[in-house]
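In what follows, a structure is listed as structure tokens, so that the remarks can point back to it.
Quick note: the coordinates plus some simple rules give every number you see, no bench work behind them. Predicted model only: the values in this text are computed from it and were never measured. A quick note on method: Cβ atoms are made from the backbone with ideal geometry, for glycine too, and the neighbour counts reach across all protein chains shown.
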Amino acid sequence: MAKLYFYYSSMNAGKSTILLQSDFNYRERGMDTMLWTAAIDTRYGRGRIVSRIGLEAQAHLFEPGIDMFTAIAAQHHRTPLSCVLVDEAQFLSRDQVWQLAAVSDDLGIPVLCYGLRTDFRGDLFEGSAHLLGIADILDEIKTVCECGRKATMNLRVNAEGGAIRAGAQTEIGGNDRYVALCRRHFLAQMRG
């Protein structure tokens, strides 16, 4: 039975690397996959999943209004899919999370979603909230804070490295904009 998986973590835990390794494993065994990433994330160009260690692959783009179930079902009809992999899953809408659940339930295709759990304020993203609510399998990918504890929070920083405490939930960036911290150090930075 196919399942909906949500692999979540803070920034810089290797989510994209793990996704790309999973894709490679399927393809190495002659199985077809379909990769998706958020259209909003253009750090490496549109429609590309890129890991910090140099792995990369082309992917379909999702944005609000895209019916992922219909697109995946059409591709599955042309070429049977063994797995669907979604990067930047925090940017999925509620409806898209339910569409991906239908892909696993109705089409029998495993769906592996990778994303952040919370934003720079510690609030859940829409896609993450719904994945945490309905995914069959939840798996935390761990990374470490500067102190060696498990990092669970994403601190948004300015050019000088100071904490940013307010702003839009979504601001695309990498190591230049975000630092993964344990809750203790996150709170210390947010208190200023």
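Things worth noting here:
- Count - residues of region 21-37 that are crowded, with 22+ Cβ neighbours inside 10 Å and under 14 Å from the mean Cα position of the chain (by Cα): 2
- Residue match in region 72-80 (condition: in a strand (DSSP E or B) and not hydrophobic (A, V, I, L, M, F, W, C)): no
- Members of region 38-69 found to be touching a residue at least 40 places away in the same chain (Cβ under 8 Å), part of a strand (DSSP E or B) and crowded, with 18+ Cβ neighbours inside 10 Å, listed by number: Ala38
- The C-beta contact set for region 6-34 (first residue farther than 19 Å from Ile137 by Cα, second residue among the charged types (D, E, K, R) and surrounded by 18 or more Cβ atoms within 10 Å (Cβ to Cβ), distance under 8 angstrom, 6+ apart or interchain) comprises Thr33/Asp23.
- Considering residues of region 96-140 that are part of a helix (DSSP H, G or I) and β-branched (Val, Ile, Thr) only, the residue farthest from Thr33 (Cα to Cα): Ile134
- Flag if Leu187 is aliphatic (A, V, I, L, M) and either within 30 Å of Lys3 (Cα to Cα) or surrounded by 17 or more Cβ atoms within 10 Å (Cβ to Cβ) (or both): no
- Scanning region 75-103 for residues that are among the small types (Gly, Ala, Ser), surrounded by fewer than 21 Cβ atoms within 10 Å (Cβ to Cβ) and under 23 Å from Met31 (Cβ atoms) yields Ser82, Ala101, Ala102.
- Within region 23-37, being closer than 16 Å to Cys113 by Cβ, outside any helix (DSSP H, G or I) and not polar (S, T, N, Q) holds for Met34, Leu35, Trp36.
- The condition of being more than 21 Å from Asp87 (Cα to Cα), in a loop (DSSP other than H, G, I, E, B), among the basic types (Lys, Arg) and over 16 Å from the mean Cα position of the chain (by Cα) does not hold for Arg184.
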